[in-house]
1. Asn39 is checked against (1) open to solvent by 40 Å² or more (accessible area, probe 1.4 Å); (2) modelled with pLDDT of 95 or more; (3) among the polar types (S, T, N, Q); (4) more than 22 Å from Gly148 (Cα to Cα) and fails just one. What number does that condition carry?
2. Which number in (1) closer than 30 Å to Ala205 by Cβ; (2) more than 18 Å from the chain's Cα centre (by Cα); (3) in contact (Cβ under 8 Å) with a residue 60 or more places away in the chain marks the one condition that Gln178 misses?
3. For the structure I just gave you, tell me whether Lys196 is at pLDDT below 95, open to solvent by 30 Å² or more (accessible area, probe 1.4 Å) and within 24 Å of Asp112 (Cβ to Cβ).
4. May I ask you to say which residue of Ile111, Ile116 is in contact with a helix residue (DSSP H, G or I) (Cβ under 6 Å, 6 or more places away or on another chain), farther than 23 Å from Lys2 by Cα and touching a residue at least 24 places away in the same chain (Cβ under 8 Å)?
5. List every residue pair whose Cβ atoms sit under 7 Å apart, with the two residues 6 or more apart in sequence or on different chains, where the first one lies in region 181-204 and is under 17 Å from Leu165 (Cβ atoms) and the second, anywhere, is assigned to a loop (DSSP other than H, G, I, E, B).
6. Inside region 141-174, can you point out the residues that are in a strand (DSSP E or B) and within 20 Å of Glu110 (Cα to Cα)?
7. Which numbered condition trips up Lys125, out of (1) under 18 Å from the mean Cα position of the chain (by Cα); (2) modelled with pLDDT under 95; (3) open to solvent by 10 Å² or more (accessible area, probe 1.4 Å)?
8. Can you tell me which of Ala204, Ala187 is aliphatic (A, V, I, L, M), open to solvent by less than 90 Å² (accessible area, probe 1.4 Å) and either assigned to a helix (DSSP H, G or I) or modelled with pLDDT of 95 or more (or both)?
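The values are calculated or read from the model by the stated rules, or taken from the named source; none is laboratory data. Treat the numbers as computed from the prediction; the structure is a model and nothing was measured. For neighbour counting, all protein chains shown are included, and Cβ atoms are generated from backbone atoms with ideal geometry for every residue, glycine included. To get the accessible areas, we keep the full protein, side chains included, count just its heavy atoms, and leave off ligands, DNA and RNA. Shrake-Rupley method; radii C 1.70, N 1.55, O 1.52, S 1.80 Å.
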Amino acid sequence: MKRKQERFRIIEARDNVIERTKDIYETIKGNWRSTYFKNNNPVTVELACGRGEYTVSLAKLFPEKNFIGIDIKGERIWKGSTLATEQNLTNVAFLRTPILLLENFFEPGEIDEVWITFPDPRPRKRDIKRRLTSPRYIEIYKKLVRPGAYIRLKTDNTGLYEYSLEEAQLRTDISDLQFSDDVYNSALRPECFDIKTRYEEHFAAKGEKIKYMRYHF
């Protein structure tokens, strides 16, 4: 508990973490480029970013873009915030909020790309609506991304992958749907940049194939 409280204290003092205790939390909507990043570069968000490893790795690969990791867990965000701080990355931010409240923090068209990396699969039927690829979440993303922006999912969970693919195939408002149930042995591998989080490496070591899909509206 002491360690958790100390990490909460650290992220509260960091500029690269936006959370309820800060004034910018209420005013950032529509102002990510002008207020935080101070440039007009494209904005990519990683949902359920956890420890922020994917967000930070993408930011290192693409300094000409802006990246925002979003999660509700402050202790997890502390790790990503620390990595970004240690590497002097100025194109990274972390937003601490439930993803269901995404519309409180972005204007329509403000997001250029969405990554959903290894989210909780929510396997129980009663939790289907809580899956980040369920229709209620997809409708939120659709409102906030610019035309042509890609929605990307990477997961080790077969059930979530199959559910997400089925939902995507049922829609009539998406284009360029591409998918693989073994991305590292597919033509889609370059799209993932071989970035592997600790979580992914753990499951890959157990023989789990990594699934991937993407599309745009």
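1. (4)
2. Among (1) closer than 30 Å to Ala205 by Cβ; (2) more than 18 Å from the chain's Cα centre (by Cα); (3) in contact (Cβ under 8 Å) with a residue 60 or more places away in the chain, Gln178 violates only (3).
3. Taking the combined requirement at face value, the residue satisfies it.
4. Ile111
5. Within 7 Å, the pairs are Asp181/Lys209; Asp182/Lys209; Val183/Ile210.
6. Within region 141-174, Val145, Arg146, Pro147, Gly148, Ala149, Tyr150, Ile151, Arg152, Leu153 qualify.
7. Result: Lys125 fails condition (1) only.
8. Ala204
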